[in-house]
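Participant: Pasting a structure here, questions to come.
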Protein chains: 2
Amino acid sequence: MALNGDLKRIVALAGGVGGAKLIDGLARCLPAGALTVIGNTGDDFRHYGLHVSPDLDTVMYTLAGIAHPINGWGIAEDTRHMLGMLARYGEETWFGLGDRDLATNVLRTHWLAQGLPLSAVTARLCQRLGIATRLLPMTDDPLATVVYTLEHGKLAFQEYFVRHRWQPTVQRLVYEGAETAQPAAGVLEALEAAEAIIICPSNPLLSVEPILQVRAIREAIKARRVPCLAVSPIIEGAALKGPTVKIMRELGLRADVAGVADYYGDLIDVLVVDEADREVDIPQRRFVTNIRMMTSTDRGRLAEQVLRLIGDLHS
Amino acid sequence: MALNGDLKRIVALAGGVGGAKLIDGLARCLPAGALTVIGNTGDDFRHYGLHVSPDLDTVMYTLAGIAHPINGWGIAEDTRHMLGMLARYGEETWFGLGDRDLATNVLRTHWLAQGLPLSAVTARLCQRLGIATRLLPMTDDPLATVVYTLEHGKLAFQEYFVRHRWQPTVQRLVYEGAETAQPAAGVLEALEAAEAIIICPSNPLLSVEPILQVRAIREAIKARRVPCLAVSPIIEGAALKGPTVKIMRELGLRADVAGVADYYGDLIDVLVVDEADREVDIPQRRFVTNIRMMTSTDRGRLAEQVLRLIGDLHS
């Protein structure tokens, strides 16, 4: 069994809350600087002129130890006084921007307007919060997840996800900008130097697919000479969080662990599944453990097991 | 004596806190819609990408009844959580943007970016807050008060006023953009239709002069056929608030009521002075009353007296 300290270059693909939990565990198990996270920017949007990057911020706040303990997104003990005043102005308040969270969005927007790419902005925000893990947006280019729904037609991601609470029926997902989006600086280098690649238990279609839609990222993962593992976001046919199962069903995909294995196909070598799914029949190697992360200890334990597994695969 | 109800078209020039107090009194004494305020935008600035209009907002919040009761600027019971988070990011927090106040600045910046002029943005904000008084920025163009100081050289207005708490010695004031700035839509029409023009007890150099620097506004006031009154911002050689006396001295002006009268010259017909200055010798007509506005009642009383005086001048 390899010691985690031997692992120096781990890359993880992560969406929002679910992914951030494993990222948190991995960051705590690995030496400082050993972990690079490629974050999803497919749900970034402009809200009242502010550039909001929900998934990047969820990972960042989690790594900084300031994430809201219940929601998973946003900042602990944040208030919503700006939002309350927006309401007084008769404006929309469906997107729950906290006051402290707003500082991040104001700074990001300000720095982007000064000409910094999102990757540099993200690095600066993380550095200011004292985060040792490297967090890279998948791309500095616009690449927006767009949801075509039965009830409301085309919806911007946050319209679908937050405003309509992912209730509309999804007919099609389109990743606008994918044809031209290039990986952000550092992404390909990190993937090429990685000792292993981990796909976090995030929604495969909404959180991971946008990252894979950056063609060069998918190609780099396909061309890997190191293990790529995914942790299932589904246990016994139920999503750990959010609309994973609902959307897979609506899109005609098999909405269980085997469906996740199908979806990733040969992009992954191992699927980490819950003990409840120990009998699942999948083409990839199966690693069985308890994948629920209810507590901080759970996060560390699962991360530890994933890293041991990587060590074993290397030895 | 004319009844205030007979006055339908009063125009007042106002800066920030001091001016807003009289505006508040006037708005309460006059029929709804009878008052038009021309506000100072010389201290507007961009802060972290947000377009901040301190004087317009002070007047607006005062008229909406939500101004901070002690500071005079900002919103009552506002919090500073965004600012606290900015501090955590190692950023500057000398400009005290409250969380609720931020909603105004986010909306203003957003609407300006959509192409609305500042006057339309201001009208929309006021309308949403249920304000009957018309608040017009002096101009929709950039016109920035710049302060040349002995200690720090050239300072943007808020750098001088807030960051350095108006302590540096002023050598020269420059109103950048004045050559080309045009009055905002409605300003000249309001001045031309006015039954009287009131210059509020604001800093003549920092709050009123930027308004007068819009050439067409000064010319319209010069060409008036109705009374123009100023309420003195100085009592017994001391400023009611802020650096009025300090700056007048530093610029070699007489820093008392007579200095104010000199400064406005034939732009005004009457100077409203405090009882303490009843003996002052000025070329304009002098109207003596208690001009301190400590309470809401004081504001109403002074406004009432000013309006009666206007009625008397008309009769």
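Participant: Determine whether A:A120 is in a helix (DSSP H, G or I) and closer than 29 Å to B:A64 by Cβ.
Facilitator: Answer is no for this residue.
Participant: Take the range B:1-39 and flag every residue that is surrounded by fewer than 24 Cβ atoms within 10 Å (Cβ to Cβ) and in a loop (DSSP other than H, G, I, E, B).
Facilitator: Of everything in the range B:1-39, those that are surrounded by fewer than 24 Cβ atoms within 10 Å (Cβ to Cβ) and in a loop (DSSP other than H, G, I, E, B) turn out to be B:M1, B:A2, B:L3, B:L7, B:K8, B:R9, B:L30, B:P31, B:A32, B:G33, B:A34.
Participant: Residue under question is B:A216, and the condition is that it be within 18 Å of B:L136 (Cα to Cα) and surrounded by fewer than 16 Cβ atoms within 10 Å (Cβ to Cβ); does it hold?
Facilitator: yes
Participant: Considering the range B:121-141 alone, what residues qualify as being free of Cβ contacts under 8 Å to residues at least 60 places away in the same chain and either touching a Gly at 6+ places or on another chain (Cβ under 9 Å) or of a type outside the set (K, R) (or both)?
Facilitator: Selection gives B:V121, B:A123, B:Q127, B:R128, B:D140, B:D141.
Participant: Then there is this: What single numbered condition from (1) aliphatic (A, V, I, L, M); (2) touching a residue at least 24 places away in the same chain (Cβ under 8 Å); (3) surrounded by fewer than 24 Cβ atoms within 10 Å (Cβ to Cβ) fails to hold for B:V231?
Facilitator: With (1) aliphatic (A, V, I, L, M); (2) touching a residue at least 24 places away in the same chain (Cβ under 8 Å); (3) surrounded by fewer than 24 Cβ atoms within 10 Å (Cβ to Cβ) applied to B:V231, the lone miss is (3).
Participant: Related question: Touching a Pro at 6+ places or on another chain (Cβ under 9 Å), under 27 Å from B:V245 (Cα atoms) and modelled with pLDDT of 95 or more: is that true of B:T169 in this structure?
Facilitator: Answer is no for this residue.
Participant: Also, quick follow-up: Which of the residues spanning the range B:179-195 are surrounded by 17 or more Cβ atoms within 10 Å (Cβ to Cβ) and either under 17 Å from the mean Cα position of the chain (by Cα) or hydroxyl-bearing (S, T, Y) (or both)?
Facilitator: B:P183, B:A184, B:V187, B:A190, B:L191 - these are the residues of the range B:179-195 that are surrounded by 17 or more Cβ atoms within 10 Å (Cβ to Cβ) and either under 17 Å from the mean Cα position of the chain (by Cα) or hydroxyl-bearing (S, T, Y) (or both).
Participant: Moving to a separate point now. For residues in the range A:246-278 being within 23 Å of A:M294 (Cα to Cα) and either touching an Asp or Glu at 6+ places or on another chain (Cβ under 8 Å) or not hydrophobic (A, V, I, L, M, F, W, C) (or both), which is surrounded by the fewest Cβ atoms within 10 Å (Cβ to Cβ)?
Facilitator: If we take residues in the range A:246-278 being within 23 Å of A:M294 (Cα to Cα) and either touching an Asp or Glu at 6+ places or on another chain (Cβ under 8 Å) or not hydrophobic (A, V, I, L, M, F, W, C) (or both), then A:R278 is surrounded by the fewest Cβ atoms within 10 Å (Cβ to Cβ).
Participant: Just give me the residues in the range A:47-56 being more than 11 Å from chain B (Cβ to nearest Cβ) and over 14 Å from A:T133 (Cβ atoms), in sequence order. Walk me through it before giving the result.
Facilitator: Of the residues in the range A:47-56, the ones more than 11 Å from chain B (Cβ to nearest Cβ) are A:52-56.
If the condition is that a residue be more than 11 Å from chain B (Cβ to nearest Cβ) and over 14 Å from A:T133 (Cβ atoms), then A:V52, A:S53, A:P54, A:D55 are the ones that fit.
Participant: Could you check how many residues of the range B:228-254 are under 17 Å from B:I282 (Cα atoms) and either modelled with pLDDT under 95 or over 19 Å from the mean Cα position of the chain (by Cα) (or both)?
Facilitator: Of the residues in that region, 4 qualify.
Participant: Kindly indicate the residue of the range A:92-148 that is more than 7 Å from chain B (Cβ to nearest Cβ) and acidic (D, E) and also surrounded by the most Cβ atoms within 10 Å (Cβ to Cβ) among those meeting that condition.
Facilitator: A:D101
Participant: Now for a different question. Among the candidates B:W94, B:W73, single out the residue that is in contact with a Pro (Cβ under 8 Å, 6 or more places away or on another chain) and modelled with pLDDT under 95.
Facilitator: B:W73
Participant: Looking at (1) in a loop (DSSP other than H, G, I, E, B); (2) touching a residue at least 12 places away in the same chain (Cβ under 8 Å); (3) surrounded by fewer than 24 Cβ atoms within 10 Å (Cβ to Cβ), which is the only condition A:G42 fails?
Facilitator: Condition (3) is where A:G42 drops out.
Participant: Further question on the same structure: Do we have any residue at all in the range A:82-92 that's touching a Phe, Trp or Tyr at 6+ places or on another chain (Cβ under 7 Å) and free of Cβ contacts under 8 Å to residues at least 40 places away in the same chain?
Facilitator: no
Participant: Within 14 Å of chain A (Cβ to nearest Cβ), among the acidic types (D, E) and over 24 Å from B:V37 (Cβ atoms), is that true of B:E151?
Facilitator: Details: within 14 Å of chain A (Cβ to nearest Cβ): no; among the acidic types (D, E): yes; over 24 Å from B:V37 (Cβ atoms): yes.
Criteria not met by B:E151.
Participant: Can you tell me which residues in the range A:31-63 are of a type in the set (A, V, I, L, M) and modelled with pLDDT under 95?
Facilitator: A:A32
Participant: Restricting attention to the range B:61-85, which residues are over 30 Å from A:C126 (Cβ atoms), within 13 Å of chain A (Cβ to nearest Cβ) and surrounded by fewer than 24 Cβ atoms within 10 Å (Cβ to Cβ)?
Facilitator: Here is the first cut: in the range B:61-85, the ones over 30 Å from A:C126 (Cβ atoms) are B:61-77.
Within this subset, residues satisfying the condition of being within 13 Å of chain A (Cβ to nearest Cβ) are B:61, B:64-66, B:74-77.
If the condition is that a residue be over 30 Å from A:C126 (Cβ atoms), within 13 Å of chain A (Cβ to nearest Cβ) and surrounded by fewer than 24 Cβ atoms within 10 Å (Cβ to Cβ), then B:A64, B:G65, B:I66, B:G74, B:I75, B:A76, B:E77 are the ones that fit.
The values are calculated or read from the model by the stated rules, or taken from the named source; none is laboratory data. None of these values were measured; they are calculated from a predicted model. When we count neighbours, we look across all protein chains shown, and the Cβ atoms used for this are built from the backbone with ideal geometry, even at glycine.
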